[in-house]
Each structure stands twice: as C-alpha cells, then as structure tokens.
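S.K.: Pasting a structure below so you can have a look.
We did not get these values from a lab; they are worked out from the coordinates using the rules stated. Predicted model, so just to flag it, every value in this text is computed and none were measured. As a convention, Cβ positions derive from the backbone with ideal geometry for all residues, glycine included, and neighbour counts pool all protein chains shown.
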C-alpha cells in the first residue's frame, strides 16, 4: 500500500545551520506531496506542498522538490532559527486518503 | 474566522465509558477526517467522510464510531471497546475529493483514561 517514510529524530542543530529532513514515499500514480509542521500541543499546519513531478514548494525559507525518479520530497532550509523547533510531518495524498509519515522532531539550539 | 474547532481540548474518561469528541468546521469543506496521534507513531487514520451521511473506515477504526449528519460536523465517539484510547485526536477537513488539496487541522483533543 501507499506509505511515507521520513528520517527518525530527534534532529538537533545549532541556530543558522543548514537543515535537511529526508522523506521518501511509496505510491502508484501521481500523489500530491506535503510538509506539515506541529508546534507543542497544537494541530498540524501546512508548511508547503507540491502537486506534480519537479514542482518546488516553498514557504518561510523552507523548500522541498517533488522528485519522481527517486520518490522523494526532502525538506530543506538554509539557516534555521530557534523558532523552527517543532515536529515536521511529510504526507502524500492520492484520491480520498492523506497518509502521513511518523514525524521528525527538530530541536534548534541558540 | 474560518476554521476547524475541536472540543474539548482536554478530556478525561473512566474505563468502560463512551466519550464523544466534537469537530466543527465553517470552511464549507466536503471531506472530513479523524486521526489519532501517539508518540513515535505519527498520525493514523481512524475514519473519514467525503459527503454527508457517508463515511469510511480508516486504518484503525475498531473501537470508534462516527456520524456525518451535517456537512460542518463530524463527531467521533470513542467506545468502551477501544482498549487503549489515551491519545491525541486530530480532526481535519479538505475542500473535496481531488488529489491536490491539503487538509486543514483543528487544535486537537487530548483524551486520557483515568
């Protein structure tokens, strides 16, 4: 069945470091891909999305490119801030269901 | 403001009791979802509904029930048959059944069995 695999955390970085969180997916056809962010005690917020191959989603300095050849959608940010500390979820949507990865907790140290 | 409202934020249940979690949206979205979140497990789909008076089981529906009598409301009942109900429950909605649209989430309800 369809699934999403993302790197396990926690990931701990210093402020201004470069961030990559890996995400790969398994799905037939052409799913849409998403990154969500969750702050403590809250629901999920959409961070960015891409709906077809080679699309790049971007928001708040975060970027991810839909790579069909490698079935990947890695999240990147050039310079992280303490306020980026949160849990990040990669997800795919095909038809009715939205399927999430297990989440990656990110800690940014000042 | 448009959005999804889940209530209550915290809920305590005694073993053997049923409890209902509320989810209301004023976004005029057709589709609604319930997810369960446990530490290290990510989000797991309980039930979803694409239209009023219709819903489908997700991956972990056992011990849960839902109804969709109105477009804006999708309550989740956690029954006494659910063996381990303590978790964070998230409700979401999306505009339609198309594959391009993202889900919008409520703030969640944390259920604890005491």
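S.K.: Starting from the Cα of residue A:53, move 7 Å in the Cα-to-Cβ direction to define the label point; list residues of the range A:1-43 whose amide nitrogen is under 12 Å from there.
M.R.: A:29-31
S.K.: Over the Cα atoms of the range B:54-114, each weighted equally, I'd like the Debye log10 I(q)/I(0) at q = 0.12 Å⁻¹, rounded to two decimals.
M.R.: Per q value, in the given order, log10 I(q)/I(0) is -0.36.
S.K.: Regarding the range B:28-74, what's the average projected area of the Cα-atom convex hull, expressed in nm²? List each step's numbers first, then the result.
M.R.: On the way: hull surface 13.5 nm².
Taking a quarter of the hull surface, the average projection is 3.4 nm².
S.K.: Can you tell me the mean projection area, over all orientations, of the convex hull of the range B:1-94's alpha carbons? Units nm², please.
M.R.: That works out to 6.0 nm², a quarter of the Cα hull's surface.
S.K.: Another question, if that's okay. For the range A:1-91, report the % of Cα-Cα distances exceeding 17 Å.
M.R.: Working: 1932 of 4095 pairs.
In whole percent, the long-distance tail amounts to 47.
S.K.: Okay, moving on. Once the convex hull of the alpha carbons of the range A:39-89 is built, what does its volume come to per residue, in cubic angstrom? Display every interim value, and only then the final one.
M.R.: Working: hull volume 4.3 nm³, N = 51.
In the range A:39-89, the Cα convex hull volume per residue is 84 Å³.
S.K.: Based on the inverse mean of 1/r over its pairs of different Cα atoms, what is the Kirkwood hydrodynamic radius of the protein assembly as shown, in Å?
M.R.: Every distinct Cα pair counted, the radius reaches 18.0 Å.
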